[in-house]
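What follows is a single structure, written as structure tokens, with notes after it.
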Amino acid sequence: EQSDFIGDQVKYEIIGIDPGAGLMEATEKVLKEYELTDWKLIEGSDTAMTASLEKAYKEKKPIIITGWTPHWKFAKYDLKYLEDPKGVYGADEEIHTIVRKGLKEDDPAAYEFLDRFEWTPADMEKVMVDVYEGMKPEEAAAKWVEENADKVEAWIKDVPQADGKKLKLAYVAWDSEIASTNVVMHVLESKLGYKVEGLQVEAAPMWVGVANGDVDAIVAAWLPTTHQRHFETHKDKIEDLGPNLIGTKLGLVVPSYVDINSIEDLKK
Ligand code: PBE
């Protein structure tokens, strides 16, 4: 028979993403601190998680995912964050640009542009929604750059041309980071004349890459909480250029039709 309890309805499963994500670490901590011993966090990816969400949503079935903002899912579905009264997911945070030590001396122009790069959650969501709706990330990035010439001009004004100089960026296949990294790569290539390589990797190697200098920059550092462990490990070997976006959020997310409001509601 049908149980009223959300745990029975979703088989005590929370649909997670890639195991390297800070969001997964935070969610394991949530399971401990709220004593949700019956629950399991399922590993996957951003793509697999949103596919499960789409399927459940179409059938109006209950589902619990690990979610974050900015993300296109909030534009496409009616969703809500579960309250986190213990504050395990931390307060709202920032996405930082991190460069390798020595970039400033080796390539002051790239450094200057990367230092100036900043945008808003609404900007990022625009690119993400276009990708969700079928555009290639590089096309969506090019479209955003074209439609936001004023913002882009402020990032590149008086920055010298690179004439084919090479630059390497690393990022993880989170839809938010696919969006930001493609916009930055597009500006570097189409406006500043770089040849950019974008390496798609897991979270830990992304940080290691910029710390050991194999990678010039990342625009995907979620601080101070989500990537704190990586930041602490590598902080003496990197340069933090500060936030490129302010106002992110992490948590457990459910469709609005799911009749619970707090992580506490996952307890029997
Ligand atoms: N995220 C998106 C990442 C950072 C960007 C929230 C999935 C993470 O959990 O590490």
Of (1) within 27 Å of residue 244 (Cβ to Cβ); (2) without any contact (Cβ under 8 Å) to a residue 60 or more places away in the chain; (3) not in a loop (DSSP other than H, G, I, E, B), residue 52 satisfies all except one. Which? (1)
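Looking only at residues that are touching a residue at least 40 places away in the same chain (Cβ under 8 Å) and more than 13 Å from the ligand (Cβ to nearest atom) in the range 82-94, which one is surrounded by the most Cβ atoms within 10 Å (Cβ to Cβ)?
Restricting attention to the range 82-94, the residues satisfying the condition of being touching a residue at least 40 places away in the same chain (Cβ under 8 Å) are 82-86, 88-94.
Retained after the next criterion (residues that are more than 13 Å from the ligand (Cβ to nearest atom)): 82-86, 88, 91.
Details: 82: 21, 83: 14, 84: 19, 85: 10, 86: 12, 88: 19, 91: 8.
Restricting to residues being touching a residue at least 40 places away in the same chain (Cβ under 8 Å) and more than 13 Å from the ligand (Cβ to nearest atom), the top hit is 82.
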State which residue is farthest from the ligand (Cβ to nearest atom) when the search covers only the range 5-33 and only residues that are part of a loop (DSSP other than H, G, I, E, B) and either at pLDDT below 95 or more than 25 Å from the chain's Cα centre (by Cα) (or both). 5
If a residue has to be more than 14 Å from the ligand (Cβ to nearest atom), closer than 23 Å to residue 155 by Cβ and among the aliphatic types (A, V, I, L, M) to count, how many in the range 191-242 make the cut? 8
Suppose we keep only residues that are assigned to a loop (DSSP other than H, G, I, E, B) and of a type outside the set (Asp, Glu) within the range 227-262. Which one would you say is nearest to residue 23 (Cα to Cα)? 227
Which ones in the range 212-226 are of a type in the set (A, V, I, L, M) and either in a strand (DSSP E or B) or free of Cβ contacts under 8 Å to residues at least 60 places away in the same chain (or both)? 217, 218, 219, 220, 221, 223
Could you tell me whether residue 245 is more than 16 Å from the ligand (Cβ to nearest atom) and aliphatic (A, V, I, L, M)? no
Mind listing whichever residues of the range 126-149 are surrounded by fewer than 19 Cβ atoms within 10 Å (Cβ to Cβ) and among the acidic types (Asp, Glu)? 133, 138, 139, 146, 147
Among the residues of the range 208-218, are any within 18 Å of residue 24 (Cβ to Cβ) and either of a type in the set (Lys, Arg) or surrounded by 19 or more Cβ atoms within 10 Å (Cβ to Cβ) (or both)? no
For the range 31-49, which positions are buried (at least 16 other Cβ atoms within 10 Å of the Cβ), touching a residue at least 40 places away in the same chain (Cβ under 8 Å) and closer than 12 Å to residue 13 by Cα? 36, 39
For residue 43, which of the numbered conditions (1) acidic (Asp, Glu); (2) within 16 Å of the ligand (Cβ to nearest atom); (3) at pLDDT below 95 fails to hold? (3)
Out of the residues in the range 192-203 meeting the condition of being more than 16 Å from residue 97 (Cα to Cα) and out of contact with any strand residue (DSSP E or B) (no Cβ under 6 Å at 6 or more places or on another chain), tell me which one is surrounded by the most Cβ atoms within 10 Å (Cβ to Cβ). 192
Of the numbered conditions (1) loosely packed, with under 14 Cβ neighbours inside 10 Å; (2) away from the ligand (no atom under 13 Å from the Cβ); (3) over 17 Å from residue 254 (Cβ atoms), residue 97 satisfies every one except a single condition; which is it? (1)
Complete set of residues in the range 1-19 that are surrounded by fewer than 17 Cβ atoms within 10 Å (Cβ to Cβ) and more than 26 Å from residue 257 (Cβ to Cβ): 19
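The values are calculated or read from the model by the stated rules, or taken from the named source; none is laboratory data. What you see is a predicted model, and the numbers here were worked out from it, not measured in a lab. So basically every Cβ, Gly included, is an ideal-geometry build from the backbone, and we count neighbours across all protein chains shown.
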